[in-house]
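Right, one structure below, let's go through it.
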Amino acid sequence: FQGIFVLGLPYALLHSGYSGLFLIILAAALCCYTGKILIACLYEENEDGQLIRVRDTYEDIANACCKKLSPKLGGIVVNVTQVVELIMTCILYLVVSGNLLSHSFPYVPVTEKTWSVIAFVTLLPCVFIKTLKIVSKLSQLCSLVHFIIVFVVMTYCLTQIHQWSWAKFRLSIEFEDFLVSVGVIIFSYTSQIFLPTLEGNMKNPGDFRCMLNWTHFFACVLKTTFALTAFLTWGEETKEVITDNLPSFLQTLVNLCLLTKALLSYPLPFFAATEIVYACISRGNYSNYKSPLFALGVRGSFLLLTLVMAMFIPHFALLMGFTGSVTGAAMTFLLPSLFHLKLKRKKLSFLEKCADISVFILGFLCSLAGIVCSIKGLLEVFG
């Protein structure tokens, strides 16, 4: 929840004003809700009325919903959507790493793409990651680095408290800028792709709902506090990535921390994507596809793919925005609400059905708005 997106929240407040603070809270509530209904789709009641986990993955849920139309259609759509989003995220971390290295060492005569290749070399051990336990340790270190970054930024902001002013907040907003803010805020909470695996690996899955409530609550408090303090410090001067507002003596330190965070963040989406692909390929009685060597080949191929795309795709940020608007909204809002309505409709109350329909409509509108903005940006770039 406290990913690199968080560093763009003060900029989102610049363009959304007071409504941005409300959006941070609303997004937390909506993403927490869709997380719960997604996990609810993994369970069915037995004859004694007890909930039994009959599905293991997002793919299983999709297949259960589409079995009358086609037994595997839903799973294929979900898997493709997941893999595209995860791979795009991995590529973004490589691009960001190259950018951070070039800004941290401006006097070294090396291009940004070359720095991305250097960052890629440090990620080669990812091909040997076989379990989620290793990924969780790396993610824990990633969280620690993130809190160091937030601590540095907020400490500096607190030293500037004498110049804070609520007058910096906008009362009137421009619609297109507001849509950009909505995208940044909503997608800073997305985690639905990982939730079925996470819940299945918990020692006490019964604590999942409680865990989701508390994590979203604390994420909301931290995001609001961070965004508010940073925006009150710089106001109209707030940049897209808030660390760019820091004095030069702090910028290098924070950039290196961000680089560490980006590299430590890479294994989670990479592991998730390769596991999905490997599971799809090795399904059935194809023993050749179940060898450790083949798994290593799949992971190596994906690692190389992320580097090639990071090197050769022009205007990657705009393409990422377009893809995120499609895949992010689908995985976070559209599919969980749709699947919940399909699988649980006989047991849902009227209010629960209204909630699912409302989330679906909101997700569709967010997705549509994001696609329009991204296409407009791409058209402007290509003339």
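The values are calculated or read from the model by the stated rules, or taken from the named source; none is laboratory data. As the structure is a prediction and not an experimental result, all values here were calculated from the model. Neighbour counts run over all protein chains shown; Cβ positions are idealised from the backbone, glycine included. Quick note on the areas: whole protein, heavy atoms, side chains included, nothing else; ligands and nucleic acids left out. Shrake-Rupley method; radii C 1.70, N 1.55, O 1.52, S 1.80 Å.
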Original post:
Considering region 119-161 alone, what residues qualify as being of a type in the set (G, A, S) and modelled with pLDDT under 90?
Top reply: S136, S139, S143
**OP:** Please indicate, with yes or no, whether at least one residue in region 247-261 is open to solvent by 70 Å² or more (accessible area, probe 1.4 Å), over 19 Å from V145 (Cα atoms), more than 24 Å from the chain's Cα centre (by Cα) and not hydroxyl-bearing (S, T, Y).
**Re:** no
**OP:** Give region 62-83 a look and list any residue that's surrounded by fewer than 23 Cβ atoms within 10 Å (Cβ to Cβ), at pLDDT 85 or above and hydrophobic (A, V, I, L, M, F, W, C), or say none.
**Re:** A64, C65, C66, I76, V77, V80, V83
Subject >> Single match in L100, L26 (criterion: open to solvent by 50 Å² or more (accessible area, probe 1.4 Å), closer than 30 Å to L232 by Cα and of a type in the set (A, V, I, L, M)) >> reply: L26
Subject >> Considering residues of region 166-191 that are more than 17 Å from L228 (Cβ to Cβ) and open to solvent by 80 Å² or more (accessible area, probe 1.4 Å) only, the residue modelled with the lowest pLDDT >> reply: S172
**OP:** Go through the residues of region 314-334 one by one and say whether even a single one is farther than 15 Å from L92 by Cβ, modelled with pLDDT under 80 and either open to solvent by 30 Å² or more (accessible area, probe 1.4 Å) or assigned to a helix (DSSP H, G or I) (or both).
**Re:** yes
Original post:
Got a number for residues in region 342-383 being closer than 25 Å to C65 by Cβ, among the hydroxyl-bearing types (S, T, Y) and touching a residue at least 40 places away in the same chain (Cβ under 8 Å)?
Top reply: 1
Original post:
Out of curiosity, is L86 of a type outside the set (S, T, N, Q) and open to solvent by less than 20 Å² (accessible area, probe 1.4 Å)?
Top reply: yes
Original post:
When you look at F194, is it under 18 Å from the mean Cα position of the chain (by Cα), of a type in the set (F, W, Y) and either open to solvent by less than 40 Å² (accessible area, probe 1.4 Å) or under 30 Å from T57 (Cβ atoms) (or both), yes or no?
Top reply: yes
Subject >> Residue, most open to solvent (accessible area, probe 1.4 Å), within region 29-57, restricted to residues that are touching a helix residue (DSSP H, G or I) at 6+ places or on another chain (Cβ under 8 Å) and polar (S, T, N, Q) >> reply: T57
**OP:** Considering each residue of region 103-120, count those that are open to solvent by 60 Å² or more (accessible area, probe 1.4 Å), under 16 Å from D244 (Cβ atoms) and touching a residue at least 60 places away in the same chain (Cβ under 8 Å), and give that number.
**Re:** 1
Subject >> region 131-165, residues that are open to solvent by 60 Å² or more (accessible area, probe 1.4 Å), in contact (Cβ under 8 Å) with a residue 12 or more places away in the chain and either acidic (D, E) or under 15 Å from P267 (Cβ atoms) (or both) >> reply: I134, L141
